[in-house]
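Structure first, commentary second.
The values are calculated or read from the model by the stated rules, or taken from the named source; none is laboratory data. Keep in mind that this is a model prediction, so the values were computed, not measured. No Cβ is skipped: glycine too gets one built from the backbone with ideal geometry, and neighbour counts run over all protein chains shown. Ligands, DNA and RNA are stripped out before the accessible areas are found, and what is left, the full protein with its side chains, is counted by its heavy atoms. Shrake-Rupley method; radii C 1.70, N 1.55, O 1.52, S 1.80 Å.
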Amino acid sequence: MKQSEREKTNAAPEERTIGELPRAGSRLRELGVVLPTPPSPLGAYVETSRAGSLLFVSGTLPLVDRKLAISGRIGKDLSLSQGQEAARLAALNALAAAKEYFGDLDKIKKLVKLTVQLVTTEDFSDHAAVADGASNLFVQLFGPEAGHVRVVYGVYSLPVHTPVVVETIFEL
């Protein structure tokens, strides 16, 4: 990406130098996004685990106040846009878990990998578009230059009737 394009993409705060990647915590504040209450594990595991410069966040759900905000099967009970909103909410919960671990999201350099599981009908095929609900949030926070790899797949069921589970790996 050319320098001038990067300036337009990152356009904003005076404290950011030209070409510098956005900082997640700062961008959240700029966008007026408030993180939900951090999720709690549903079983015998931890929500976050650090290995070297990577932070792994367990699968997160579309929770608000630790309650499932969206439920159902995408393509039957839920529309594409509702699935995208569920993916976005689940991504916000992943960020909330990371913030709880670090205390400050600005310590995260980028999202390395995103995995999105979706409960869909058998004939649903817009999995990538639903996952963009999460990906687009991360691009807003880390910038398009940071990029992330992604895998998306449909499943028959997920815990507590959630339509979406988002799993993330962040670089510190």
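Brief remarks follow.
- Any hit, region 108-116, residues being under 18 Å from H161 (Cβ atoms) and either basic (K, R) or in contact with a His (Cβ under 9 Å, 6 or more places away or on another chain) (or both): yes
- Long-range neighbours under 6 Å by Cβ, at least six apart or interchain, first residue at pLDDT 95 or above within region 77-96, second assigned to a helix (DSSP H, G or I) and of a type outside the set (A, V, I, L, M, F, W, C): Q84/G133; A87/G133; R88/G133
- Residue among L105, L68, L63 that alone is under 17 Å from T37 (Cβ atoms) and without any contact (Cβ under 8 Å) to a residue 60 or more places away in the chain: L63
- Which numbered condition G143 fails, given (1) closer than 24 Å to E30 by Cβ; (2) at pLDDT 95 or above; (3) crowded, with 19+ Cβ neighbours inside 10 Å; (4) more than 13 Å from the chain's Cα centre (by Cα): (2)
- Residue in region 87-100 that is farther than 15 Å from G133 by Cα and among the acidic types (D, E) present: yes
- Total residues in region 19-57, condition aliphatic (A, V, I, L, M) and either within 21 Å of A87 (Cβ to Cβ) or surrounded by 20 or more Cβ atoms within 10 Å (Cβ to Cβ) (or both): 9
- Residue in region 118-135 that is open to solvent by 60 Å² or more (accessible area, probe 1.4 Å), closer than 18 Å to V57 by Cα and under 16 Å from the mean Cα position of the chain (by Cα) present: no
- Verdict on A98 being open to solvent by less than 40 Å² (accessible area, probe 1.4 Å), of a type in the set (A, V, I, L, M) and touching a Pro at 6+ places or on another chain (Cβ under 6 Å): no
- G43 vs. criteria over 20 Å from V165 (Cα atoms) and free of Cβ contacts under 8 Å to residues at least 40 places away in the same chain: no
- Positions within region 58-81 being farther than 17 Å from G154 by Cα, part of a loop (DSSP other than H, G, I, E, B) and open to solvent by 60 Å² or more (accessible area, probe 1.4 Å), in sequence order: D65, R66
- Yes/no for T48 being under 21 Å from L141 (Cα atoms) and either modelled with pLDDT of 95 or more or aromatic (F, W, Y) (or both): yes
- With respect to the conditions (1) open to solvent by 10 Å² or more (accessible area, probe 1.4 Å); (2) under 17 Å from E47 (Cβ atoms), T168 falls short on a single one, namely (1).
- V155 meets the stated requirement of being among the β-branched types (V, I, T), touching a residue at least 24 places away in the same chain (Cβ under 8 Å) and surrounded by fewer than 14 Cβ atoms within 10 Å (Cβ to Cβ).
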